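Notes follow once the structure below has been shown.
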Amino acid sequence: MGKSLKRIKTILSDGEAGTMLTVKGWVRSRRTSKQVSFLVLNDGSTIKTLQVVVPAEIATASVVDDITTGASVSIKGELVESPGKGQRVELRATEVELLGSASGENYPLQKKGHSMEFMRGIAHLRARTNTFGAVFRVRSTLAQATHRFFGERGFNYVHTPIITASDCEGAGEMFEVKTSGKDHFFGREAMLTVSGQLNGEALAYGLGLIYTFGPTFRAENSHTTRHLSEFWMIEPEMAFYDIDDDVDLAEDYLKALVNSVFEHNPHDLEFFNKFIDKSLVSTLETIRDSRFERISYTDAIGILQASGKKFEFPPAWGDDLQTEHERFLTEEHFKRPVAITGYPKSIKAFYMYNNDDEKTVAAMDVLVPRIGEIVGGSQREHRIERLEERLLADGMDLEDYSWYLDLHRYGAVPHAGFGLGFERAVMLCTGMQNIRDVIPFPRAPGTAAF
Ligand code: 4AD
Ligand code: MG
């Protein structure tokens, strides 16, 4: 069926005048005069469109009446040099077939310039727009770049469970998993995972270098532009490495992500830079070209306090950094990505390595312009007594973490890892403002349609 079928991206880059071919896609717009109809076609392979010229001889009533915006068509024709500006070639149709009509005026994407809110209400149709087509292509590029990046460095891709019994972050913001009938299907309470990390550590203690790339779930009631209830996370874990190696890996990975978009999505990037965020390309160039700043949490608090800036939450040692603090550091103070290490123990999860000062842990967050925290990670506490101490101090039941403790009973080694919020990376690389617009079908408090 698809042998002579050509994708528009290939036609526009390599197509030669004189070639006969078939193209299939959706009509973005149509213009009809007495002699000729012009169709503007998109097939999702690129943000660019192919102009199709339908001569009056073959422009039957059905072409003129039914091939409206949103309709799907199959067109056979000859590629010719385009006299018009903005395109090298166009297709002169010899056969036009309507595949699916879009019944005229009811098609919701008739006009350009709908609001993002409106698009969220028609999430099943929004992949057909310029903006969302570009977002999902960039998302795909970033996913493939992730596998390439870790694969080339010898990391093993592992699959960790989605249904779990342990609360990795210890924050208790989890969704329960139940059947409609039998209670305790798994013989105990089960939840949707907030992170693959603990299982990832078990695999790193054997494979050395691993990464996960999967969905994670958080039941926090956050209605922000940076939080989802279901989001994707990439979590590398490295046995025999420490916190500094962890920061270096995060920097290399973020740069590889940005590079992949420059390489694979130049036209999408051009579109975002023009219509979504005019500083996008310069922000991404900064990430690509600058060495990330590395500072301690204590120094970060000092900078914030000395800044003279009025923050809604006054920065104080011992408190977590707020988004306003993170954005000040990366956007205004350093003007490039910043890795912060050495957070107070009391605000971080139980599994982080205790520094010698007894007050801080070897945690690290990477902050980037417009987003704030994009990566959160740490060197892990591999000393079992320290782990037990901390779990007990937090009022947790050692029994619940028995396998994780057991893991560190045999052949424990320093190890480190991090989690990158995949949607935040897509926001970073597209300039999109709301995290609900970079995942095809967002789940957030009050939102699970589609
Ligand atoms: O900082 P977090 O909570 O770290 C962890 O889950 C660790 N277990 C990771 C590890 O060390 N293996 O989450 C990691 C990243 C954040 O920096 C953020 O980018 C993203 O995940 N994230 C969210 N993204 C969207 N919606 C949410 N509700 C998110 N919560 C965290
Ligand atoms: Mg975090």
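Brief remarks follow.
- The stretch 102-219: C-alpha pair distances exceeding 17 Å, %: 71
- Chain lengthening between Asn259 and Phe275 when straightened (0.36 nm per residue, less Cα-Cα): 3.7 nm
- Volume per residue for the stretch 411-450 equals 131 cubic angstrom (convex hull of Cα atoms).
- Length-normalised contact order of the chain in % [C-alpha pairs under 8 Å, at least 6 apart]: 13
- Cβ-defined net charge surrounding Ile58, 12 Å radius [Lys, Arg +1; Asp, Glu -1]: -1
- Label point of Glu385 set 7 angstrom out along Cα-Cβ; within the stretch 332-366, amide nitrogens under 16 Å from it belong to 354-356, 358.
- Cα extents for the stretch 260-365 along the principal axes, largest to smallest and rounded to whole angstrom: 50, 32, 21.
- Relative contact order computed over the stretch 1-65 (Cα-Cα under 8 Å; 6+ residues apart), in percent: 28
- Here the convex hull built on the C-alpha positions of the stretch 316-416 has a volume of 111 cubic angstrom per residue.
- In plain terms, the C-alpha convex hull of the chain casts an average shadow of 26.1 nm² when viewed from every direction.
- With a simple spin-label model that places each label point 7 Å from the Cα along the Cα-to-Cβ direction, the separation between Ser29 and Gln110 comes to 1.5 nm.
- Among the listed pairs Lys9/Lys335; Lys24/Lys255; Lys9/Lys111; Lys24/Lys111, those with a Cα-Cα distance over 27 Å are Lys9/Lys335; Lys24/Lys255.
- Relative contact order (percent, whole number), the stretch 36-75, Cα cutoff 8 Å, 6+ residue spacing: 34
Any read-out appearing in this document is the output of simple, stated calculations on the displayed coordinates, not a laboratory observation. Because the structure is a prediction, the values reported are computed rather than measured. Every residue, glycine among them, receives a Cβ derived from its backbone with ideal geometry; neighbour counts consider all protein chains shown.
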